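Since every read-out is calculated from the coordinates, none of them should be taken as a lab result. Remember, it's a predicted structure, so these values are computed and weren't measured experimentally. Cβ coordinates were reconstructed from backbone atoms using ideal geometry, including for glycine residues, and neighbour counts include every protein chain displayed.
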Amino acid sequence: MKNPKVAIIGAGPAGITAGLALNKAGINVTVYERAEEITPLGGALILNAVGLTILRRLGVDVEDIYNGVHAEFRRWDGKVRARINVSEDLLAQANASGWQSGMMRKELYARMLDVVPDDLIVAGHKFERYEETADGIKIHFANGKVEHADVLVGSDGIRSLVRGQLFPDTPEPKKLGIAIWLGWCEADEIDVKQCVIQHDKNYQMGYCPLIFEGKKCFEWWLVEEYKGEKPPKDVPAYVRNLVGHFAAPTQEIMSRTDTDAHLFRWIVEYIPGLKQWSKGRVTIMGDAAHPTSPYAAYGAGMAIEDGYFLAKFLKEADLTDANSIKAALKRYEDLRRPYTNFTTKFARILGRVYHNVPGPLRSLRDYLLDNVKGTGRKIETGMTEDAEALLKMVLNEPF
């Protein structure tokens, strides 16, 4: 009897989530990672109650590092422009203390690896190409090895080689026109229970509480327009100067940051929303399918969701039958692609509205946000309606 196999390229959050979920379903799955060693790395991210629910079901312990809060869009001086609130009844069903939580990717990744079976991830396998045959997939790696699978999943990032072969006409990643300074600090004395996203005419500075290694911390980010400029020589002074007029506790968070170790710059890239993710026995997920800007604050969360739902639909399919595989991948794509395309497009629009429009239009934007009723509501609904529907789905349809 044939033992159908799913092969996943890339051991990031999406790849590991899908691997764990498929393994839990009793499906033969291997995650292939190009790095020679699997090491927990990475800075801060945002995880919401959907991701919390999924990880909990897969046995990942994040209870002591999920510090749930709600988000607020504020003016630089503290005036609230929009509140991102989710149904408290839904959050109670999810046993979540709030809608979203700051979290260190390094610690989350380590918690996920803690529950990974020994043979689930194979390191040192850089994907080169695949061949789709009548009865499966032949996967070629740079080390000369060839593996066989019934389903191939590309979870290999924004420059995905799987996506490049699957859809060779996909444009190369483009600069979005914004750059981000990312940092974090320990700050036990700062009592803030919201994720705050604050703007002046030209810049966004946001912060969110998180728990890292048992300590109360804050992640923070500063977003600015980017036209190819090189970073300044004195980065800490540059960043502090841009937000010196922002409301408290901005300056205290900045002053507590070890800028030599915990501050770096990210030039944001994107690809246009794809019209298709799957073909035959092959599909993509995570950043390979929908890289997102920080205005979604949700890249890792969407990747975890992708892995979960892909596994759910493959579990319900007959992996010995090509037509059943194709139908399962279509169900996965039909659920995820419209949602992620909307979320990433909405995030790009917000980024451009706040950082890439001419000065006079920025003044008009700020006037509308501060004086026209309902303007902030568009931000609130754009970030919550589909997210609430997704949380309901996860809660009502256990894996």
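Along the charge dipole of the chain, pointing to its positive end and built from +1/-1 on Cβ of Lys, Arg, Asp and Glu, which listed residue (Cys208, Val50, Leu361) has its Cα farthest out? Going by the Cα projections, it comes out as Leu361. With Cα atoms as the point set, segment 215-258 shows a radius of gyration and Dmax of 11.8, 37 Å. For the charge dipole of segment 176-315, defined by +1 on Lys and Arg C-beta atoms and -1 on Asp and Glu C-beta atoms about the Cα centroid, which residue among Thr257, Pro291, Ile190 has the Cα displaced farthest towards the positive pole? After comparing all options, I get Pro291.
Beta carbons within 10 angstrom, averaged per residue: use that to sort the peptides 229-242, 141-154, 197-210, 121-134, highest first.
Numbers: 229-242: 12.9, 141-154: 18.6, 197-210: 21.7, 121-134: 15.4.
By packing density, highest mean first, the sequence is 197-210, 141-154, 121-134, 229-242.
Taken about its Cα centre, segment 95-215 carries a charge dipole of roughly 480 debye when the Cβ of each Lys and Arg holds +1 and the Cβ of each Asp and Glu holds -1.
Give the shape of segment 287-369 as rounded, prolate or oblate, defined through the alpha-carbon gyration tensor: a ≥ b ≥ c are the square roots of its eigenvalues, a/c under 1.5 means rounded, and otherwise the shape is prolate if a/b is larger than b/c and oblate if not. If you can, show how the numbers build up before the last one.
On the way: a/c = 4.49, a/b = 3.66, b/c = 1.23.
Verdict is prolate for segment 287-369.
The value for segment 101-260 of Rg(Cα) / (2.2 N^0.38 Å) is 1.43. Checking Cβ-Cβ separations below 4.7 Å across the chain identifies Cys185, Cys217 as cysteines lacking any candidate disulfide partner. Rounded to the nearest whole angstrom, the semi-axes of the ellipsoid equivalent to the chain, taken from the Cα gyration tensor as √(5λ), stand at 37, 22, 21, largest first. Beta-bridge orientation, the chain: approximately 70 percent antiparallel, per DSSP, counting only bridges with both partners inside. Residue-wise HN-Hα couplings along segment 364-373, as the Karplus relation 6.51 cos²θ - 1.76 cosθ + 1.60 with θ = phi - 60° gives them from phi, are 5, 4, 5, 4, 4, 4, 8, 10, 9, 4 Hz; Gly and Pro carry x. Please report the spacing between the Cα centers of segment 226-303 and segment 66-110 in Å, no decimals. One Cα centre to the other: 18 Å. Rounded to the nearest 20, the Cβ-based charge dipole of the chain about its Cα centre (Lys and Arg +1, Asp and Glu -1) stands at 1300 debye. Sequentially through segment 44-49, phi angles give Karplus couplings (6.51, -1.76, 1.60; θ = phi - 60°) of 7, 8, 10, 10, 9, 5 Hz, Gly and Pro residues having no value and appearing as x.
In deg cm²/dmol, rounded to 500, what helix-only [θ] at 222 nm does the chain give when every DSSP H run of at least 4 residues adds -39500 (n - 2.57) and the total is split over its residues? Present the calculation step by step, with values, prior to reporting the outcome.
Working: 11 runs with 143 residues, N = 399.
That calculation yields -11500 deg cm²/dmol at 222 nm.
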